[in-house]
Structure formats: C-alpha cells, structure tokens
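Shown next, in structure tokens, is the structure this report addresses.
Each value in this text was obtained by applying a stated rule to the coordinates, not by laboratory testing. Since the structure is predicted, the reported quantities are computational estimates derived from the model, not experimental observations. Glycine gets a Cβ as well: all are built from the backbone with ideal geometry, and neighbour counts include every protein chain shown.
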C-alpha cells in the first residue's frame, strides 16, 4: 500500500492550557482517566499554537456572519490560503465544509495531577497608582486596584500525536482547486518545523515545548499509529515489544539527549534513535520525495 499519511507521536515537557476561571483563580485543563486526574494541553490549543508558529495563519482572514469564522471564497480556499489547511466551515450563502488535513490529540500528562498553586498580586502597579493619586495603599487597597490572584501551575511530560493526510493537503473539493506540489511540501515542512521547535507563551512566560522523544514517519494508515504504545512512567519511557515492533515497520525515532528520561541509555541501546534534528530533517526529505519535489 502507498504511504499517503504522516504520523508522529511526541513526548514533550510542556505546560497545560487554562480552562474557565473562578473569580481571581485560574485552573488548568484536566481530564479524568484510569481513576486519576491528568492535566492536558487541549488539541485545539495545541493545533492553534502549531499553526501560528508555522506561519500558517499569516494569510488568515475572518468575517462575522452571525458566527465569527474564517473567510472562504472561490478565490480564497484551501488551495490558495494556508490558513484554511486546518479546515473550515463557511455558512455565508452556500454552506461549505472542508475538513482539516491535520489531526491532533490532546497532549496528556504522563503523571497524575498534583496541585501546585501560585500566588501573585499587582502590588507594584497598585503602589504606583496610589503614589500618583496621593492615596495610602493599605488604607485604600480597593480604590487603588490592589488585587491578589492565584493560578494552578503545571509543566510536565506530556504525550500527543499528530497525523497528516498527505492526499488531502492543498486540495479543496468545494472549489475544485489544488495547490502545487511545492506548496504542499512547504506547508507540511512548516508544520513539522513548528513541532520540532514548539514554543508557547503561557501566563506571560516562555515555555519550551520541543520534543524530547518522537517516533513516526510516513505511513499507509491514516491514524495515530503510535498513540497506544508511547507511555512514560516515573520519568522512564516504556520500551514495550509493541513499540519496538511498530518502529521496525519502516519508522524512525528521535531522542533529545537531555537526561529527561531516567532510562536514556536503555532507549539508545534498544531503539537506536536519531537526534531530534536528524529525525525532522529526514522526515522533511521523505515528504519532498512523496510529492516529487527536489531538495
């Protein structure tokens, strides 16, 4: 069978995104599984971060037509606009739906959640205002805007998967349009480079969310092929026979030698991983070969 999909499963040390707040308290998003609570970065948040960092939203145009949605026209479609590669639904006039060619899972923490709450305040700003207004910050705390706040904090190893439908990239059947092979290659490379160097800004702080382990490659199955075999327990990557068997079917693994895993030496011996840079460089070359684009 022809390999017409690209699938990756990534382990990265990243923060969670935040859900609904209650007053001045912000809580991270969580899921419940295996009778425990785990923090996550949702697939929506993760996809948005990758699309932004990849530059895929630089040509994004939006419109408000009852709902706020991506602008889609016969001239502005998934073949001509990179921002629409992630899918769209346009309800202006004739309804058009084009599914995304890029699929992601939630990035779920490898260990159950232990609440770490951080406490802050805006004392400096309130003090600055109080000084300018001739007020006493202790006696007039409310009037000068002094406000304590707190939020849950989580930065931990998380696992997520991404699969790209190579046959769908750059095509828009709603308008019978298709991008060039060069454009398709550039779109996928941009996404892969974003995964390779992912950086997030959370609560004003810069978060390096690059992969510390990644496995995958081109596949004849449009599914998250390694989703069920990549697990981390107590800072050790589990080297199951199923992981090794799947890896041996024409896929590669990449490892950041950072001592993030306690069994790093064992990983090197049993999986023979490439460096993260080598892994993504070779994967980009595979994509170019798939589309017949010269390096």
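Miscellaneous remarks
- Result for the chain in a Gaussian network model with C-alpha springs under 10 Å: among 73, 94, 245, the largest mean-square fluctuation is at 94.
- Per-residue extension of 0.36 nm, minus the Cα-Cα distance of residue 223 and residue 67, leaves a gain of 53.0 nm for this segment.
- The C-alpha atoms of the range 163-295 occupy a region whose extents along the principal axes are 51, 42, 28 Å, arranged from largest to smallest.
- Calculated P(r) of the range 63-146 - Cα pairs past 23 Å, %: 61 percent
- Alpha-carbon centroids, the range 142-217 and the range 120-135: separation in whole Å: 38 Å
- Note: relative contact order over the chain, using C-alpha pairs below 8 Å and six or more positions apart, is 26 percent.
- P(r) weight above 26 Å for the range 1-123, C-alpha pairs, percent: 42 percent
- Mean-position separation - Cα centroids, the range 255-276 and the range 78-106, in angstrom: 37 Å
- Equivalent ellipsoid dimensions for the range 3-55 as semi-axes, Å, which come from the Cα gyration tensor, largest first: 26, 17, 9
- Over the chain, equivalent-ellipsoid semi-axes from the Cα gyration tensor in Å: 38, 29, 16
- By average C-beta atoms within 10 angstrom, highest first, the peptides 52-63, 74-85: 74-85, 52-63
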